[in-house]
Amino acid sequence: MEKSIALELRGVTKTFGKVIANNNVDLTVYKGEILSILGENGCGKTTLMNMISGIYYPDKGQIFVDGREVVIRSPKDAFGYKIGMIHQHFKLVDVFSASENIVLGIDDGKKYNIKDVNNRVLEICERYGFNIDPKKKIYEMSVSEKQTVEIIKVLYRGADILILDEPTAVLTPQETEKLFDVLRRMRDDGKAIMIITHKLHEVLSVSDRVAVLRRGEHIATVETATATESMLTEMMVGKKVTLNIDRLDPVSPCERLVLEGLNCTSHEGIKLLDNISFTARSGEILGIAGIAGSGQRELLEAIAGLQHLDEGTITYKNPKNGEDVNLRDKTPLQIRDLGVRLSFVPEDRLGMGLVGNMDIIDNMMLRSYKRGASMFLDRKAPKDLAKNIIQSLEIATPGATTPVRRLSGGNVQKVLVGREISSAPSVLMAAYPVRGLDIGSSYTIYNLLNDQKARGVAVIFVGEDLDVLVELCDRIIVLASGKITGIVDARNTTKEEIGLLMTKSTSISEDAEKAAKEGSENG
Amino acid sequence: MANVKKHEPLFHIVKRDRMPIWQSLIIRLAAIVLGLLFCGLLCNIILDVKPMELYKTLYDGVFGTERRIWKMAKDLAVLLCISLAVTPAFKMKFWNIGAEGQVLMSCLAAVACTIYFGGKMPNWVLLICMAAASILAGMIWAVIPAIFKAKWDTNETLFTLMMNYVATQLVAYFLIVWVPSGSSSLGEQAFGHMPIVYHRYFILVAVVAVLTIFMYIYLNYFKQGYEISVVGESQKTACYIGINVKTVIIRTLIVSGALCGIAGFLIVSALDHSVTTDAVGGRGFTAIMVSWLAKFNPLIMVATSFLIVFLQQGVYEFANDYGISTAFQNIIVGIILFFVIGCEFFINYKIMFTRKEVAKK
Amino acid sequence: MILDYILNAIAIGMTFLYGSTGEIITEKAGHLNLGIPGVMCVGAAGGCAALHYMIVGGITNGFLLVLVGILASFIAAFLMGMLFSFLAVTLHANQNVTGLAMTTFGVGLMKYIMFGLKEGNSIPYLKALSAFRFPFADQTNGLKYCGVMVFLALIIALLSSFVLFKTKVGLHLRAVGENPATADAAGINVTLYKYLATSIGCGISGLGGLCYIMDYAGSRESYLSIEALGWLAVALVIFALWRPHLSIVGSVIFGALFIAGQFIPTLVPLKFLQTMTAAPLLKMLPYVVTIIVLTVTSIRDKKENHPPQGLGLNYYREER
């Protein structure tokens, strides 16, 4: 290959406490290529990239840019070497405008004039085909607009080496395709692009070469043209795995949760839920798809009694006596007192589902501490439960008195899911339960959901990976800006169909109803 | 590209895993010792006093005579009581810096009882009235900001702070009303004295000891204490499991205020038998640091409040001996606090020096 | 008389203005510094000590007195800011507790120094009073309190607003306070900005202490009320919505409330106000008004008027 090397890593090592995040990693990127950095969650992809962009400082190793050894101590140094990173969690100041964010930190000695910046931003937009208003405030923007601002920010500084950390996680298939077009255009411009991902089909479609990381070590870098999905998976996981999720047929499904005409608005007057109606049945997994922030969280929180509704009814059909119970505007405690066995695995594990600084026992107690009339806490039952869950779900922890904050992502999620299913629920809601988990832990979670399904629990699963949704669920509801744009049968649908529904903003309510009818016929 | 200098940082900091308790204790003790050494040096430079003189005076000032030991015990009890009072609120991350005002209001209420009911009822009934009035006053003063916080998320730090000054002026007002001469200094009241058992300060110390144990149990073994921890750690989690956060905030501040009320009652009935605008003397603020340094653990607070009281009383004697302003005690307490606050860093983080171990090829 | 009241309100208001401008700059860098009362005390003590030694040393040049006095005050308070930054930025200490400890320390230090500055029955530093006041501001007219520091306060407040909202340095500083991780990723030296903003902010606040003694109070024990003034200055930040230019108006209103006790009884012919018992109730005014405004602003919640998002939180780059 006659291309010249843009960036090279030699023997880079980084540890956090006792955890080795990267061990002796060598990596080479050429100019004018797209290199995928592939690996499971927690394999050290992001840590490695953070060392190139100056967020972390390596314990050992060398970095070369254009063949010269460099020391990158801070993001500022990285910019000096024309390295720019687009972080997964956007690094934007909410109350600033797009232009203010873009110009932030640039020290070009020029006089600060926001109008000039606006003009230059518009120039870049024109060159690469972005569409954005430089004066718009970040907090008024959608996720994909924010990502565009991040990319412009890097281009504005004239970066030659771009790093994108999981850029597609928040995008629809269509938006992803658009982003890839932009990346290809930049590659043809001669830029070196590194894209972190764990989605194989993306790797195959966009990159020229793939570097695979496993447990902090660089396994190999291969030409994409010669790679296959199964080969990459094996390199990634270290053993042969079959990536099939079992899907059982629902056993005698009956209506468990009936939602009709749910409406709610935010403090700013934005519609969060717009006329949502659907039914969740026992013994089936109902998937919910949609771009992040389309009302998934509000929907689940409304059912759990955490979100105030303007209109609508939520009816729970008690499997024991067949009675209808109205859940609307009840608090979580009232719902429990009504004998409704509702479990909820929220998206924000350590901020909502668990308390990071408390140990496993005290976290087990969260759901049950109020039981009994005594003023004192009963720590015995939660202690037994903690031991039980640690054993049955194989949670890696020094003991039941370890604060959950110290556990790894997968183990944290096992603690949370374990607690939620321990109460033998009849409805189980899980929001992004596998986000950030490695493949092994993800499959443990899928199996747990399937177990619950087999026991006749009505499972509601909010997911972001459309491949998984299509494989795991029985029916899938698609949300777009608070509305249901379609209810599809997961056995006869495609990712692309769901992707289109996710961006369908002008759907009329009749459409949704029609789709709902179809969905229920199919299911 | 050439503008980036090429040299590695000397060291970088890394977050620690959990440190064994004995190790963290050693670090804290080391910080206190270092702070004391620094103070000794300071006295040597600006006052030309040998450091050993300072330490000796400090020790004598606190343990020199039985009277001084009891004085120390009394001050410790009062400070500890106020620290216990602020603890539940702080554990809930409610920044109540209004303990000063809450205690002052309860002092005022207790004195009001002695003035209006004194001599008209048996002493023990009067004492009960005073206690009830004090507790009520402390509760009211604490619960007002709590209600606003719960309802509209009003900034509690400034709210409680302003309540302190309102309380001060209220005391000033009543002193003018009660003291016709216009001197605004209310003499010692004849009624409502705590009976003397064993020693003048014994009941005071005993009551606070019981409260300390109660607070420890309340925070660690009561359902209410558990709710306080959950709300303090994450309000979202609290909502998720169905805790009514507003109720917990208000209820906790009622507990907090009630304890401030007990502190005020004890100050009036067992110590001052009177009230001035300066009756609390900044202990409402000091209590916050006592509580925080002890990581909100009531048992450890005995040690942290001892540290503060030891320094205050010791330096007070020292200042008197050497004819300098007694405000010197605040300087010394401040310096030691800086050392102790700063040493937390070495408990939570570790410094890694860069070793040159780059493989040269 | 009303004019006199207003002029007095402006004079004392400037003490608040220094304090709140300094705290705004500090808070814009993401630091909630509850040590401002202590810092103002140290500023007062530093300035007074410098003036004391100059007067004792026989220096009578007015210009020199003013210049050195102000510089000494600024530097003393600046050092307090460095101390806060060292604890909060470098050692990641809890900001609230650090601030409270600084207040304890600062108040003690000031009392100690001011106690030491008494020589017999005279206080040399107060001889510098006339240098701080304008020649035409004699003791008889309403301008008696107007001096150099009043105008300096206005200049600093307007300049701070300009820097914060119209320059790149200001943009960077606000980014540091809003979201330090973002600012860091953008290549801004977060540590440097935090140190400088906090220290300069403290320096400016410190001038407030000197302003109170030299321009407004000019009496022997006046320094004892600086702590209370400092707390009000911290509260004022919220009303000024983190904008120094708005703080000018707020400061004068606070000033007017703070001295209401002296002026209202003569201005308002109500019998009750003439009695002695009214004084403490009038003194309560600024605090009660603060509480009311605090409540009203919290009820009328608006995104633009929120404190910086990173306020009170320490930043550690390698946080995972």
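Some notes on this structure:
- Breaking point among (1) assigned to a strand (DSSP E or B); (2) surrounded by fewer than 20 Cβ atoms within 10 Å (Cβ to Cβ); (3) touching a Leu at 6+ places or on another chain (Cβ under 8 Å), for A:VAL25: (2)
- Restricting A:VAL182, A:VAL117, A:VAL170, A:VAL222 to those that are in the same structural domain as A:PHE79 (by TED's automatic domain parsing), modelled with pLDDT of 85 or more and crowded, with 19+ Cβ neighbours inside 10 Å reduces the list to A:VAL117.
- Contact annotation: residue pairs with Cβ atoms under 9 Å, 6 or more positions apart or on different chains, pairing a residue in the stretch B:232-245 that is at the interface with chain A (Cβ under 7 Å from one of its Cβ atoms) with a partner that is surrounded by 18 or more Cβ atoms within 10 Å (Cβ to Cβ) and among the small types (Gly, Ala, Ser), are B:THR237/A:GLY353; B:TYR240/A:ALA304; B:TYR240/A:GLY353; B:TYR240/B:SER234; B:GLY242/A:GLY305.
- Some residue of the stretch C:251-265 being buried (at least 20 other Cβ atoms within 10 Å of the Cβ), in contact with a Leu (Cβ under 6 Å, 6 or more places away or on another chain) and not in a helix (DSSP H, G or I): no
- Within the stretch A:296-355, the set of residues being more than 21 Å from A:ASN275 (Cβ to Cβ), more than 14 Å from chain B (Cβ to nearest Cβ) and among the β-branched types (Val, Ile, Thr) comprises A:VAL325 only.
- For the stretch C:215-228, the criterion of being under 24 Å from C:ILE291 (Cα atoms), in contact with a Cys (Cβ under 8 Å, 6 or more places away or on another chain) and not β-branched (Val, Ile, Thr) is satisfied by at least one residue.
- Looking only at the stretch B:312-359, and only at residues there that are more than 24 Å from C:GLY35 (Cβ to Cβ) and assigned to a loop (DSSP other than H, G, I, E, B), the one that is modelled with the lowest pLDDT: B:ALA359
- Residues in the stretch A:43-71 that are within 11 Å of chain B (Cβ to nearest Cβ), in contact (Cβ under 8 Å) with a residue 12 or more places away in the chain and β-branched (Val, Ile, Thr): A:ILE63, A:VAL65.
- Scanning the stretch A:423-455 for residues being away from chain B (no Cβ under 14 Å), more than 19 Å from the chain's Cα centre (by Cα) and of a type in the set (S, T, N, Q) gives a total of 4.
- Entry remark, the stretch A:85-103: residues being touching a residue at least 40 places away in the same chain (Cβ under 8 Å) and either over 15 Å from A:THR47 (Cα atoms) or more than 30 Å from the chain's Cα centre (by Cα) (or both) number 12 in total.
- Of the candidates B:GLY242, B:GLY225, the single residue that is modelled with pLDDT under 90 and either assigned to a helix (DSSP H, G or I) or of a type in the set (Gly, Ala, Ser) (or both) is B:GLY242.
Okay, residues lined up against (1) crowded, with 17+ Cβ neighbours inside 10 Å; (2) touching a helix residue (DSSP H, G or I) at 6+ places or on another chain (Cβ under 9 Å); (3) within 11 Å of chain C (Cβ to nearest Cβ); (4) hydrophobic (A, V, I, L, M, F, W, C):
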site: B:SER256; (1), (2), (3), (4): yes, yes, no, no
site: B:PHE265; (1), (2), (3), (4): yes, yes, no, yes
site: B:ILE288; (1), (2), (3), (4): yes, yes, yes, yes
site: B:PRO298; (1), (2), (3), (4): yes, yes, no, no
site: B:ILE308; (1), (2), (3), (4): yes, yes, yes, yes
site: B:GLU317; (1), (2), (3), (4): yes, yes, no, no
site: B:TYR322; (1), (2), (3), (4): no, yes, no, no
site: B:ASN330; (1), (2), (3), (4): yes, yes, yes, no
site: B:PHE339; (1), (2), (3), (4): yes, yes, yes, yes
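- When residues of the stretch A:72-107 are limited to those that are in a loop (DSSP other than H, G, I, E, B) and among the small types (Gly, Ala, Ser), the one farthest from the other protein chains (Cβ to nearest Cβ): A:SER74
- Options B:ALA77, B:ALA85, B:ALA73; residue that is over 19 Å from B:TRP141 (Cα atoms) and within 13 Å of the chain's Cα centre (by Cα): B:ALA77
- Which listed residue is of a type outside the set (Gly, Ala, Ser), within 30 Å of A:GLY486 (Cα to Cα), assigned by TED's automatic domain parsing to the domain that holds A:ARG157 and surrounded by 21 or more Cβ atoms within 10 Å (Cβ to Cβ), from A:VAL210, A:VAL203: A:VAL203
- Search result, residues across the stretch B:292-346 that are charged (D, E, K, R) and closer than 30 Å to B:GLY232 by Cβ: B:LYS295, B:GLU344
- Scope the stretch A:356-368; condition under 13 Å from A:GLU420 (Cα atoms) and either facing chain B (nearest Cβ under 9 Å) or in a helix (DSSP H, G or I) (or both); matching residues: A:ASN363, A:MET364, A:MET365, A:LEU366, A:ARG367
The values are calculated or read from the model by the stated rules, or taken from the named source; none is laboratory data. What you see is a predicted model; the values in this text were computed from it and never measured. Positions of Cβ are backbone-derived with ideal geometry, glycine not excepted, and every protein chain shown enters the neighbour counts.
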